[in-house]
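Just so it is clear, none of the values below were taken in a lab; they were calculated from the coordinates. Not measured: the values here are computed from a predicted model. Here the Cβ is made from the backbone with ideal geometry for all residues, glycine too, and neighbour counts use every protein chain on show.
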Amino acid sequence: MQARELIFANYVRWDQNITDRTAVFLGARLEWTKLQYTGNYVQDEQDLLETITNRNRYVTVLPSITIKHQVTDDFILRAAVTTSLARPNYYALAPFVNSLPEDRNIEAGNPNLKATYSSNYDLMAENYFKNIGLVSGGIFYKRLRNFVYQYRDLSYTEDKFAIDFPDLPNPISGNNADRWTFRQARNGRAVDLYGTEIAIQRQLDFLPGKFFKGFAVYTNYTYIKSIARGITIVDGEDRTGLSLPKTAPHMFNGSVSWENQRFLARVSSNFAAAYLDGIGGTYFEDVYYDKQFFLDANAALKISPQLRIFAEATNLTNQPLRYYQGSRERMMQLEYYRARYTLGIKLDL
């Protein structure tokens, strides 16, 4: 497969102080995109049946406005209305078709994919501490048009292939034509995404005693609610109740550390709720990543200005990668990686 992308961009920005504490930032970005992708129709991963070339070009305008108000020297409010563009990746756009008759499996690129255009509305508050520390929180809403999702059909037929690829030889003809699996990236019409986020970073030097003053904490949490539209099931009707694929509704990161001039130790955690990964032709065929919780630890001891001893332990929870179809009881994939330990010496010359 071959790809050629040309992207030209221009940007204009205007900053204006309205008062001593309030400022406005206006901007707009103009992007011109030209694409040429060449892929192959391959059977059994080795037989080249046909070469396919696709070309596309489009122009996008991305305006934005941000207002910053400094309530006090340490407390800041921000409000923003912005736009952004996310292009499909190369593999999704490449006009290839790969058929495996023995496995009854077809995977295809989609050169007709459109870039995702997002309108973003954000309101954020930040409070800085006199020493090292920050508390921030915000709410946001995003409207994504032409979002990309992974489509999966477990009952792909000869007739469906003829509709999707009318100019290509049909590999399903007379070959167990009723139970093939088909995968392809596709565009949904739009998704509404609502969320909130909060972050806390603080050196606990207000605690009594020299030992306790060495502690620091960092944590952030994000909640996302999304409603996807414009995704059809096998009979052509719009599906309902779907969220944005690859978007966990709950995400949390946190760490506790202790540090002085010679020693540093940190324990970190990461949590992500289960989320939709791929959308099938029916609800039964939807696939999900299960929830995950990781716990890591690391430490470093300074022997001299040039020499350090360090130790790391990752995945102390032995968190598996778990992939399921429809509901948690229908597991598709389960992988364990165990904890990993590292001990080393770092020398700066």
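Things worth noting here:
- Rounded to whole Hz, the Karplus (6.51, -1.76, 1.60) HN-Hα couplings of region 147-153, x for glycine and proline: 5, 9, 9, 8, 8, 9, 10
- Hz values of 3J(HN,Hα) by residue in region 296-304 - Karplus curve (6.51, -1.76, 1.60), Gly and Pro given as x: 10, 9, 8, 8, 8, 10, 8, 7, 8
- Among the lysines of the chain, pairs that are 8 or more positions apart or on different chains and have alpha carbons within less than 15 Å of each other number 5.
- Segment LEU321-ILE139, extension gain: residue separation times 0.36 nm, minus the distance between their alpha carbons: 62.5 nm
- Selection among PRO95, THR196, ALA272 by position relative to the dipole of the chain gives THR196 as farthest towards the positive end (Cβ unit charges, Cα centre).
- For region 47-97, radius of gyration divided by Kirkwood radius, i.e. Rg to Rh on alpha-carbons: 1.37
- Note on the chain: Cα Rg divided by 2.2 N^0.38 Å, N the number of residues, gives 1.26.
- Mean projected area (nm²) of the alpha-carbon convex hull when region 237-302 is viewed from all directions: 5.6
- Estimated FRET transfer efficiency when R0 is 30 angstrom, pair THR157-ASN10 (beta carbons, to 0.05): 0.05
- Distance between the 7 Å Cα→Cβ label points at VAL61 and PHE206: 4.9 nm.
- D by Stokes-Einstein for region 1-134, Kirkwood Rh over Cα pairs, 10 °C, 1.306 mPa s: 85 µm²/s.
- One compactness figure for region 1-68 is 1.98, namely its Cα radius of gyration divided by 2.2 N^0.38 Å.
- Scaling the Cα radius of gyration of region 137-243 by the globular reference 2.2 N^0.38 Å produces a ratio of 1.90.
- Expressed in Å, the radius of gyration and Dmax of the Cα atoms of region 180-282 are 21.6, 69.
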